[in-house]
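Novice: Below is a structure I'd like to ask you about.
Nothing in this text is a laboratory measurement; each read-out follows from the coordinates by a stated rule. The structure presented is a predicted model; accordingly, all values stated were derived computationally and were not measured. Cβ atoms come from the backbone with ideal geometry, glycine included; neighbour counts cover every protein chain shown.
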Amino acid sequence: MASTTQTVEGAKPLVHYRSDAGVGIITLEDPPANTYTYEMNRQLDDAILKARMDNDVHVIVLTGAGDKFFSAGANIKMLASVDPTFKYYFCLHANETLLRLEHTPKLVIAALNGHTVGGGLEIAMAADLRIARRDAGKIGLPEINLGVLPGTGGTQRLSRLVGKSKAIELIVTGNTFSFEEAKELGIVNDIFEREHFMENVLEYARQFCPPNKASKAVGNIKRSIQTGWEIPMESALAVERELQALLFNSEDAKEGLAAYVEKRPAEFKAK
């Protein structure tokens, strides 16, 4: 296990990164609600790059410190104290960070250990999968109550998850709701029991690591879907073919095909 703390010079540690048996774990930590600031965004960006470039990491898990909040979103006191220009660039930087997370060619799982509201949900929606802890809190985008909209991807990612009409309803009402309701809507993929939540999330994540899965194939599946979603079908199919061609030349594809023919379990090596 390797453990590092990502820091911006002169700033206190707000984001922690460690790797554990193929899984890179990024933890937001700014008690009591893990609200994010410009400094946290900078540190989150650093941690995402660390996980992306770590060849021993095949899956990324993003969570919040403690057991009450994944994240309550942006620090409102900070936003209230700065001018509109800073607010604009704050949102711009946050969007760039979440796009980096979304396009990192490794599976990203958000482990929602507590309340996931506002910008916290916006961060979670930039992950590929969302696993929630049962009865651990509420989820939603209540920014309308502040006279603003979810400005770090909330309007766009939620509409892609639940459809335009439902996204408009959820955002303009500003209601928060249970993780069970979020699962029914397709915002949350699964709900794990409170007991041993993080241990079970990590066990879940490791099924996508070698030798269980060909992690390059997992990453290329993510890249194909994320990129293809935003472009015309003909172009998306071209991206899919290019990624498939890369996989056909990989050792893992040769192992997977050979294992099938030989009727044995494949042993993938992320090569």
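Novice: Go through region 138-155 residue by residue and tally those that are out of contact with any Leu (no Cβ under 8 Å at 6 or more places or on another chain) and either assigned to a loop (DSSP other than H, G, I, E, B) or of a type in the set (D, E, K, R) (or both).
Specialist: 6
Novice: Please verify whether region 38-55 includes one or more residues that are in contact (Cβ under 8 Å) with a residue 12 or more places away in the chain, in a strand (DSSP E or B), in contact with a Phe, Trp or Tyr (Cβ under 8 Å, 6 or more places away or on another chain) and not aromatic (Phe, Trp, Tyr).
Specialist: No: region 38-55 contains no residue that is in contact (Cβ under 8 Å) with a residue 12 or more places away in the chain, in a strand (DSSP E or B), in contact with a Phe, Trp or Tyr (Cβ under 8 Å, 6 or more places away or on another chain) and not aromatic (Phe, Trp, Tyr).
Novice: Quick one: Glu230 ticks every box in (1) closer than 18 Å to Arg100 by Cα; (2) under 16 Å from the mean Cα position of the chain (by Cα) bar one, so which box is it?
Specialist: Of the numbered conditions (1) closer than 18 Å to Arg100 by Cα; (2) under 16 Å from the mean Cα position of the chain (by Cα), the odd one out for Glu230 is (2).
Novice: Which of the following residues is buried (at least 17 other Cβ atoms within 10 Å of the Cβ), out of contact with any strand residue (DSSP E or B) (no Cβ under 8 Å at 6 or more places or on another chain), of a type in the set (Lys, Arg) and part of a helix (DSSP H, G or I): Lys222, Lys216, Lys166?
Specialist: Just one listed residue meets the conditions, Lys216.
Novice: Still on this model: Somewhere in region 85-107, is a residue assigned to a helix (DSSP H, G or I) and basic (Lys, Arg)?
Specialist: Yes, that holds for at least one residue.
Novice: Here's another thing I want to ask about it. So Cys209 passes all but one of these: (1) in a helix (DSSP H, G or I); (2) farther than 30 Å from Lys164 by Cα. Which condition number does it fail?
Specialist: For Cys209, the failing item is (1).
Novice: Against the conditions (1) aromatic (Phe, Trp, Tyr); (2) in a helix (DSSP H, G or I); (3) crowded, with 20+ Cβ neighbours inside 10 Å, where does Tyr17 fall short? Just the number, please.
Specialist: In the conditions (1) aromatic (Phe, Trp, Tyr); (2) in a helix (DSSP H, G or I); (3) crowded, with 20+ Cβ neighbours inside 10 Å, Tyr17 misses (2) alone.
Per-residue answers, yes or no, for (1) in contact with a helix residue (DSSP H, G or I) (Cβ under 9 Å, 6 or more places away or on another chain); (2) farther than 18 Å from Gly114 by Cα; (3) not aromatic (Phe, Trp, Tyr):
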position: Ser159; (1), (2), (3): yes, yes, yes
position: Ala167; (1), (2), (3): yes, yes, yes
position: Thr176; (1), (2), (3): no, no, yes
position: Ile191; (1), (2), (3): yes, no, yes
